[in-house]
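Some notes on the structure that comes next.
The values are calculated or read from the model by the stated rules, or taken from the named source; none is laboratory data. Remember, predicted model here, so these are calculated numbers, not experimental data. Reconstructed Cβ throughout: ideal geometry from the backbone, glycine too, with neighbour counts over all protein chains shown.
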Amino acid sequence: MKMSNEKETAVLVSVLTGKDENASEALNELEALAKTAGAEVVYSTIQRRERIDPATLIGSGKAMELSKIVRETMAKTVIFNNDISIGQQVRLSSILDAKVIDRTALILDIFAQHAQTKEGKIQVELAQLSYLLPRVRGRGIELSRLGGGIGTRGPGETKLEEDRRRIRVRMKKLQRDLNKMESVRSTQRKKRQKAGIPSACLAGYTNSGKSTLLNKLTGSNVLVENKLFSTLDSKTRHIFLPSGKTIVVSDTVGFITKLPPQLVTAFHSTLEVIREADILLHVVDASPKYEIIEERIDSVKDVLQSLGAGEISSLLFFNKIDISEQQTIEYLKRKYPEGIFISAITGENFGKVVQSINDKLGEHAFLSSTASNVSKSVTRF
Ligand SMILES: Nc1nc2c(ncn2[C@@H]2O[C@H](COP(=O)(O)OP(=O)(O)OP(=O)(O)O)[C@@H](O)[C@H]2O)c(=O)[nH]1
Ligand SMILES: [Mg+2]
């Protein structure tokens, strides 16, 4: 992976049409993504339009204004919060005289930088290639004019010049490799199921504190960072419940609003751990404004639904209460009476975490090997 110490300067643009409400939040999140990818944001702007301009998203007049800003700030890259077609990308980069990428390419770039394991790297490359495939025209690739840096890095970097056919062949090979790894994992899972060990999986918006919670629960040290998408691989740890039973808890990749579909498809095997879980531990960052919290809860639920995990029994943890506004907590308590309010940093209400997992699994009879002693294991607490 190429990483220079000099930060890539970027201008951020979010084009909003009529119905979009949370304009500044959309831009804040784009900024967090850009910084995570290693960019230095030198300017950001929201463009409101009746509808997206098919040629340049923002219209040619606005594009000219933006090109002036790019020149003045000497930005290398312009990042749009919207999806961009290859035609729009080529047109915009020629008007703006800068590299132009969209939100999906930015997220793919972060994944490429954070992928650690062989499986993670293969999944990222697969997602990048499926993003690239419709953008390759004829035999060449127009993206080659973009140069290096954000949106062009990753395990697939050296293959950027390949034509469609070769990309497809490569994708098939990667998929075969993944299938092999998946079958090893599924054998391990079956063994665990046979041994009657219940499983819980952490799920939630990126940066909500899933890995911090896992560490606190298990005394392990999974990577925790104030960056988006720190965790890309599933990590599984054991914990002991008050009943004396052991369960496994898995940490996995976080979600985001408009999670690129290429990633959901490519990360099928990583996300399998969510689908296969007996219960889900939905971790929510309770520190932003309540409207944002609600939106994120809904986006996580949408992704879970699209993964086929919408029906799995879940617990809702509102994390980071050490830095949330009291008013927000009161509001959330009314709106989500089932919520459990915790801090994975200070350990506040931690007893409730283990107890609620214990009770939830008890409700579903996962804690007992036979249905007849369910009531015994539940009344013990
Ligand atoms: N103040 C406060 N910060 C927290 C708490 N829990 C986590 N954090 C911080 O939130 C940031 C993200 O934590 P992670 O545990 O990496 O979050 P994650 O959900 O695993 O994130 P991804 O793997 O990127 O999806 C880190 O800077 C943590 O220190 C908490 O209870 N209170
Ligand atoms: Mg994490």
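If the condition is being within 9 Å of ligand 2 (Cβ to nearest atom), polar (S, T, N, Q) and outside any loop (DSSP other than H, G, I, E, B), then segment 205-233 contributes 211, 212. Selection of segment 332-347 for residues being exposed (fewer than 15 other Cβ atoms within 10 Å of the Cβ) and touching a residue at least 12 places away in the same chain (Cβ under 8 Å) yields 335, 338, 346, 347. Against the list (1) over 17 Å from residue 211 (Cα atoms); (2) surrounded by 15 or more Cβ atoms within 10 Å (Cβ to Cβ); (3) within 14 Å of ligand 1 (Cβ to nearest atom), the condition residue 281 fails is (1).
Per-residue answers, yes or no, for (1) more than 20 Å from the chain's Cα centre (by Cα); (2) more than 20 Å from residue 150 (Cα to Cα):
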site: 15; (1), (2): yes, yes
site: 29; (1), (2): no, no
site: 39; (1), (2): no, no
site: 55; (1), (2): yes, yes
site: 68; (1), (2): yes, yes
site: 74; (1), (2): yes, no
site: 87; (1), (2): yes, no
site: 99; (1), (2): yes, no
site: 110; (1), (2): no, no
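Sub-6 Å Cβ pairs linking a first residue in segment 226-238 that is of a type outside the set (Val, Ile, Thr) to a second residue that is within 10 Å of ligand 2 (Cβ to nearest atom) and in a strand (DSSP E or B), at least 6 apart or interchain, are 235/251, ordered by first then second residue.
Can you tell me which residue is farthest from ligand 1 (Cβ to nearest atom) among those in segment 224-241 that are surrounded by fewer than 15 Cβ atoms within 10 Å (Cβ to Cβ) and within 23 Å of residue 37 (Cα to Cα)?
Let us first name the residues in segment 224-241 that are surrounded by fewer than 15 Cβ atoms within 10 Å (Cβ to Cβ), namely 225-226, 238, 240.
Then drop every residue that is not within 23 Å of residue 37 (Cα to Cα), which leaves 225-226.
On the way: 225: 5, 226: 3 Å.
Filtering first and then ranking leaves 225.
May I ask you to say which residue of 310, 244 is on the phi > 0 side of the Ramachandran plot, surrounded by fewer than 19 Cβ atoms within 10 Å (Cβ to Cβ) and not aliphatic (A, V, I, L, M)?
Numbers: 310 fails: on the phi > 0 side of the Ramachandran plot.
Residue meeting the stated conditions: 244.
Just to be sure, is residue 202 within 11 Å of ligand 2 (Cβ to nearest atom), of a type in the set (A, V, I, L, M, F, W, C), within 18 Å of residue 299 (Cβ to Cβ) and not assigned by TED's automatic domain parsing to the domain that holds residue 119? Taking the combined requirement at face value, the residue satisfies it.
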